[in-house]
1. Condition test on Lys254, is it out of contact with any helix residue (DSSP H, G or I) (no Cβ under 8 Å at 6 or more places or on another chain), modelled with pLDDT under 80 and open to solvent by 10 Å² or more (accessible area, probe 1.4 Å)?
2. Within region 75-126, how many residues turn out to be open to solvent by 50 Å² or more (accessible area, probe 1.4 Å) and more than 23 Å from the chain's Cα centre (by Cα)?
3. Taking region 60-107 as the search range and keeping residues that are of a type in the set (Lys, Arg) and over 18 Å from Glu152 (Cα atoms), which one is modelled with the highest pLDDT?
4. Would you confirm, using the coordinates I've provided, whether Gly295 is surrounded by fewer than 21 Cβ atoms within 10 Å (Cβ to Cβ) and either aliphatic (A, V, I, L, M) or not in a loop (DSSP other than H, G, I, E, B) (or both)?
5. Out of everything in region 260-269 that is at pLDDT 90 or above and open to solvent by less than 20 Å² (accessible area, probe 1.4 Å), what residue ends up being farthest from Thr316 (Cα to Cα)?
6. For Gly166, all conditions in the list (1) at positive phi; (2) assigned to a strand (DSSP E or B) hold save one; what is the number of the exception?
7. Is there a residue in region 79-92 that is part of a helix (DSSP H, G or I), within 24 Å of Lys13 (Cα to Cα) and either hydroxyl-bearing (Ser, Thr, Tyr) or in contact with a helix residue (DSSP H, G or I) (Cβ under 9 Å, 6 or more places away or on another chain) (or both)?
Amino acid sequence: MSNTTFESLGLNKALLSALTAKGYTTPTPSSKGHPDVMKGKDLLGIAQTGTGKTAAFALPILHRLAENRVAPVPRTTRCLILSPTRELASQIGEMFKIYGQHLGFRVAVIFGGVKYGAQERALQQGLDILVAAPGRLLDHIQGKMLDLSQTEIFVLDEADQMLDLGFIKPIRQITQRLPARRQNLFFSATMPAEIGKLASELLKDPVKVSVTPQATTVERIKQSVVWIEQGRKRALLTEMFSDPAYTRCLVFTKTKHGADKVAAYLEAGGVEAGAIHGNKSQPQRERALQAFKDGKLRVLVATDIAARGIDVDKVTHVVNFELPYVPEAYVHRIGRAARAGKDGTAISFVAGDEMKLLKDIEKVTRQKIPASDRRNDKQLAQLDATIMATGVAKKASIDSAGKSEHQGRGGRGGRNPRRDGVKLEGGGQPHRVRKGAAAQGRPTPERTYDPMSGERPRTVNNDPRQPSTRVEPKAVDQLNRRPRRRRPSNGGRATAARRADCDRPHNSHRLPG
């Protein structure tokens, strides 16, 4: 595609005008299938992240719809694109709006975490292009707000991640409602057996386009491994940002709680950081991502929700604070750097118990990742102690102002005679201190809490004349006498879809897992 231009592809003039305004002059490697897609053929694309895959199907789809322009029927869509995550769906929808800005098509994006009203109004008018996450899409279909019988083009993006998130059965439920005569575009970075079976069910005599070998990493990314103890990772990460070259960095963790803790630690160390994961509301996720794109945040700590689809310019470094359980996720994580032909750096912190995960990654990517030893245990220990002290001091100042984040549900800051005793995490009445203790000059119980480690508060008796006692969390709950909300039991059958940062339908109890 090196000698190919957008003009030579025969695209609609309105599309060429939008591409020129955007500054695009040369098609990406994923554009090999443009001519076949424009003719209406099915496509099977094996393309890693960062190769211009969105443009590879958006441009020919817009061209086809413009060549056969008809008014969409209410509650239908001419083109349906399925995306595994909210962020990727938003990005795809934005690209369709940019490329088709001179065509006047109706484009809508549908996913969970937001109200139904605006989405239902968009569906009521009828759409040319609908980008959706499977969960919320099924909600609208079952609510009779969307009819897929008029859909002409169906796109399944990031099919392998759909498999990881447990969406294969919902996808089959959606495809059963599509007309038999339609064009199918199927994209995946890897091709496991289950995805290959799904592709064979959907595609009819497809054109195959493989931009790079399966599960390979972008050549422009400089990769390295740092051997480091688990307890030293946060200090090493903070120390790395003393280098001004780390201007915009993505840090990946395994868990949502871990992302929050790492972001809080970096903030205590003077590094502008934010977190994004599935427990955040959609407005919170959008604000954090926008602040990162605008340069207000130097670091964005994320779970694998950000491993695909988030296209942020000038990401210089990707740090795997913890290696992913799924080796293919490593490819997508580091693909956030070196986008649009630029260089990037990927650094992985590997502890002793992550050796097997590293070997699995090297086996899948078919390369040996070089190791570098940047540790200085004494220096890291001093830095860790300083940051911990800063975090504790910051927490103490918040508590003294009466605005502690560990007050009870709906509690306000300031003085409260019912909390003059020991302040406990989770609210409720505290374990009261007898008036006689203060009157006799004996020390009163104090609350001990480490904001960085997340250790629960406990009450300790500092009176040297009395035996040391403490109120365990279970006893605290009994003292508080508050009903505790219990999550519904699933019989211990939690699946990857429930643990993942994914879009779930309103009636998710009817779906697998």
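1. So Lys254 does not fit the description; no.
2. 10
3. As a first pass, look at region 60-107 and keep what is of a type in the set (Lys, Arg): 64, 69, 75, 78, 86, 97, 106.
Cutting the leftovers down to over 18 Å from Glu152 (Cα atoms) gives us 86, 97.
Values: Arg86: 84, Lys97: 94.
Filtering first and then ranking leaves Lys97.
4. Values: surrounded by fewer than 21 Cβ atoms within 10 Å (Cβ to Cβ): yes; either aliphatic (A, V, I, L, M) or not in a loop (DSSP other than H, G, I, E, B) (or both): no.
So Gly295 fails the test.
5. Looking at the filtered set, the residue picked out is Tyr265.
6. Answer for Gly166: the failing condition is (2).
7. Here is the first cut: in region 79-92, the residues part of a helix (DSSP H, G or I) are 86-92.
Right, trim to within 24 Å of Lys13 (Cα to Cα) and you get 91-92.
Restricting the remaining residues to those that are either hydroxyl-bearing (Ser, Thr, Tyr) or in contact with a helix residue (DSSP H, G or I) (Cβ under 9 Å, 6 or more places away or on another chain) (or both) gives 91-92.
Scanning region 79-92 turns up at least one residue that is part of a helix (DSSP H, G or I), within 24 Å of Lys13 (Cα to Cα) and either hydroxyl-bearing (Ser, Thr, Tyr) or in contact with a helix residue (DSSP H, G or I) (Cβ under 9 Å, 6 or more places away or on another chain) (or both).
Here is a yes/no grid of residues against (1) outside any loop (DSSP other than H, G, I, E, B); (2) out of contact with any Leu (no Cβ under 9 Å at 6 or more places or on another chain):
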position: Val114; (1), (2): no, yes
position: Gly135; (1), (2): yes, no
position: Asp139; (1), (2): yes, yes
position: Lys144; (1), (2): no, yes
position: Phe186; (1), (2): yes, no
position: Lys208; (1), (2): yes, no
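The values are calculated or read from the model by the stated rules, or taken from the named source; none is laboratory data. None of the values given here were measured: they were computed from a predicted structure. Neighbour counts run over all protein chains shown; Cβ positions are idealised from the backbone, glycine included. All accessible areas refer to the heavy atoms of the entire protein, side chains included, with ligands and DNA or RNA removed. Shrake-Rupley method; radii C 1.70, N 1.55, O 1.52, S 1.80 Å.
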